[in-house]
Ligand SMILES: C[S@@+](CC[C@H](N)C(=O)[O-])C[C@H]1O[C@@H](n2cnc3c(N)ncnc32)[C@H](O)[C@@H]1O
């Protein structure tokens, strides 16, 4: 892990307004900004380290990445933990999130790190994938070695990604030699969680039909178990 990057991240986490907040009793002051900073801080919580490192260690145990590899992250949030964990190992990380504030903040944090590209968009919206289209084939699909999604509980099941009736080849089948690493959880009480699962078997039912599971694991959390599924897309 890169120490300079850790310093940049901490400088972004512990901002002036956060210091002000700690020193003021006026909770209404800059409330929205405080909530955004809390969101960024949450992405580095002990539970986040526990669950992300579970995924990172399992992926690394498979030895599937090298300096020519490309990773795509769905629902990347601030790229916290995952980007520093894989940055040195690969050629490019493309990180996609539908929240503009998240993308702007992430671009600021990683502005001196050219091997990570933050893109604003809904991963289910075909327009964001068209920006990668260099010829009749979808270039990103040919290049991508690993798709990570630790936000599965926030979106439709991954098997629904790529509107099948509209395309001759479903999107998951366009990948060549590509692995996936997904996480979801049973934290049903969190309002933004629209697609939680009760257990790993339920989570497996959300996988695309050409997904072969190589590793499955569970991470305990006081708010509900997190589930990890790692495997490869078969053609
Ligand atoms: C709270 S965060 C991350 C939660 C996740 N459990 C984790 O620890 O990484 C969820 C992120 O998914 C993003 N998101 C949700 N649905 C999305 C979609 N369809 N396309 C892109 N990003 C999405 C949200 O904007 C948010 O930044």
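Nothing in this text is a laboratory measurement; each read-out follows from the coordinates by a stated rule. All values reported here derive from a predicted model rather than from experimental measurement.
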- Message: Rounded to whole Å, give me the distance from the Cα center of the stretch 103-129 to that of the stretch 175-198.
- Response: 20
- May I ask for the angle, rounded to the nearest 10°, between helix 31-42 and the longest principal axis of the chain, with both axes built from Cα atoms and the value confined to 0 to 90°? 60
- Principal-axis tilt of helix 100-109 within the chain, Cα atoms, nearest 10 degrees: 80
- Note on the structure: GNM on the chain, Cα springs under 10 Å; top mean-square fluctuation among 66, 145, 177 goes to 66
- Query: What's the angle, to the nearest 10 degrees (0 to 90), between helix 46-61's Cα axis and the longest principal axis of the chain?
  - Reply: 30
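At 222 nm, what helix-only mean residue ellipticity would the chain give, in deg cm²/dmol to the nearest 500, using -39500 (n - 2.57) for each DSSP H run of four or more?
On the way: 10 runs with 81 residues, N = 235.
When only DSSP H runs of four or more count, the value is -9500 deg cm²/dmol.
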- Task: Could you tell me the largest-minus-smallest coordinate of the C-alpha atoms of the stretch 139-235 on each of the three principal axes, in descending order and whole angstroms?
- Result: 41, 27, 20
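In nm², what is the average projected area of the convex hull enclosing the Cα atoms of the stretch 3-233?
On the way: hull surface 53.7 nm².
Mean projected area of the Cα convex hull: 13.4 nm².
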